[in-house]
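Scroll down for the structure; my scribbles are underneath it.
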Amino acid sequence: MSSPALQTENGFELLCALANSELSRERRARVANWNLSALDWSEVIRLAEYHGVLPLAARNLIELGRVKDGRRLPPEVERSFRSAYEANLRRSLWFAAELTRIMQHFERLQLRALPYKGPVLAQSLYRDLGLRSFSDLDFLISPADFDRAKQTLAEIGYRPSGELDPAVESPAIERLWLRTGYERSFDSADGKNLVELQWALLPHFYAVDLRVQDLMARAGKTVFGEGEVPCLSPEDSLLVLCLHAAKHLWTRLIWLSDIAETLRSYSGIQTIDYSLVFSRARSLGIARILGVSFWLVKNVVRAEIPKSAEEMIAADPRVPTLGVEFAERLARGASYDFQSTEYFRLILKLRERRADRLRYLWRLVWTPGPGDVAAVRLPEALFPLYRIVRIGRLMRKLVW
């Protein structure tokens, strides 16, 4: 991934160099020496959009201006980049205003919600709402507050999305999802899946028991717009970003950029307590996930990582091997079926403790999903039988 041929001809490598909100002198020199005339710009733009870094790459290429021989970017390419950045900024500003409106309604009812990712992440890490693309607003809430939060959203025009089969959806099914799921999406007249209420960071079967209540207890405040909103602590933010990237098997550059920007943003006056981060990671059994995330940040987007992160990588010999595997998949744009045995096998390899792997397998087999509920209608008293339905459907999938 670092050969001279790739550095001069590969659009993915160029995006890796551009996926940073503040380009160092070394990065600027690297991009200035790039053989841009050899690039297929339509493919570069497609890749940048796929990896979620199009606004970031656009801003950086436009600001760098002239290339080594004095020529500018092709005019049509520069127009495309400017248009992409401006469109993302307009959309992000709408989301920012909507986040403020929703938080005001939550606060009016004294309903505690913690916004994360989306515009809060863009503002706190990238210092520019136009540089980070996102498609929805995420709010962490206590499971006990879900019904009130749902009602509050209904009062301002949001309704549950139709990801569940209307024929089986009911209060009883919703109670089941609160125990076994982790999120619910909401639509409005402005579009679909614009808001997500999350009462857990991951579905139950992932066997990573990081409680939302604990995250909320450790939360701080950050400036947003003309006021303040709650935000994750720096340590929890790093953990959450690594978990989110791992859940998607690091298939997009923007998730590595988010982690790199977090490390950079907290390298000055305000710092991350890495001993606390690693202690929590070991307690949760996700030290390998952090190690792979740090390895990819260092070797793919070439960002600096702290010495303690280097030590975490060195402590687990499986980390570099997995890092190489995921880096190669990322470079070729590999996608996954997130209901496939391949995906479940890869998630299993990311857990360093045997007990966590066994818990993951146990919950994977026994935790019913929407497809299992849609397959058979059962009264609430017989919901435990959905475990049998799940096993049957898993066996059929394995046979076929």
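The values are calculated or read from the model by the stated rules, or taken from the named source; none is laboratory data. A quick note: this is a predicted structure, and the numbers were derived from the prediction, not measured. Cβ atoms come from the backbone with ideal geometry, glycine included; neighbour counts cover every protein chain shown. Each accessible area value is taken on the protein alone, full model and side chains, heavy atoms only, with ligands, DNA and RNA left out. Shrake-Rupley method; radii C 1.70, N 1.55, O 1.52, S 1.80 Å.
Taking the range 205-245, which trypsin sites (Lys or Arg not before Pro) meet the DSSP loop condition and have no more than 16 other C-beta atoms within 10 Å?
Those satisfying the criteria are ARG211, ARG218.
I need the GluC sites (Glu not before Pro) found in the range 20-102, filtered to DSSP loop residues with at most 14 other beta carbons within 10 Å of theirs.
Here the GluC sites (Glu not before Pro) that fit, given the DSSP loop and packing criteria, are GLU22.
Over the residues of the range 115-211, compute the C-alpha Rg and express it relative to 2.2 N^0.38 Å.
1.15
Under unit Cβ charges (Lys, Arg +1; Asp, Glu -1), what dipole magnitude, rounded to 20 debye, does the chain have relative to its Cα centre?
820 debye
On full extension of the chain, what length is gained from ARG393 through GLU22, given 0.36 nm per residue of separation minus the C-alpha to C-alpha distance?
Gain in length upon complete extension: 128.7 nm.
Of all the accessible heavy-atom surface of the chain, with the other protein chains kept in place and a 1.4 Å probe, what percent is carbon and sulfur?
Carbon and sulfur atoms account for 53 percent of the accessible area of the chain.
Per residue, how much accessible area does the range 74-124 show when a 1.4 Å probe rolls over the protein heavy atoms, in square angstrom?
That works out to 50 Å² per residue.
Run the numbers for TYR343 and TRP41: contour at 0.36 nm per residue of separation, minus the present Cα-Cα distance, in nm.
Contour length minus Cα-Cα distance gives 105.5 nm.
Pairs LYS117/LYS150; LYS150/LYS247; LYS117/LYS192; LYS221/LYS298: which are spaced more than 22 Å apart, C-alpha to C-alpha?
Cα-Cα > 22 Å for LYS150/LYS247; LYS221/LYS298; rest within.
For the range 271-349, which GluC sites (Glu not before Pro) are both in a DSSP coil and crowded by at most 16 other Cβ atoms within 10 Å?
Here the GluC sites (Glu not before Pro) that fit, given the DSSP loop and packing criteria, are GLU304.
If you take percent of Cα pairs over 28 Å apart from the coordinates, which of (i) 60; (ii) 47; (iii) 51 do you get?
Here percent of Cα pairs over 28 Å apart agrees with entry (iii).
log10 I(q)/I(0), Debye, Cα-only the range 71-177, no solvent, q = 0.18 Å⁻¹?
-0.97
How high is the relative contact order of the range 242-387, given as a whole-number percent (alpha carbon pairs under 8 Å, six or more residues apart)?
Relative contact order for the range 242-387 comes out at 25 percent.
Rounded to the nearest 10 degrees, what's the angle between the helix 318-331 long axis and the longest principal axis of the chain, both from Cα atoms, 0 to 90?
70 degrees
Grab every C-alpha pair in the range 332-387, bin the distances at 5 angstrom width from 0 up to the longest one, and report whole percents.
Computed distribution, short to long bins: 4, 15, 20, 19, 15, 14, 9, 3, 1, 0.
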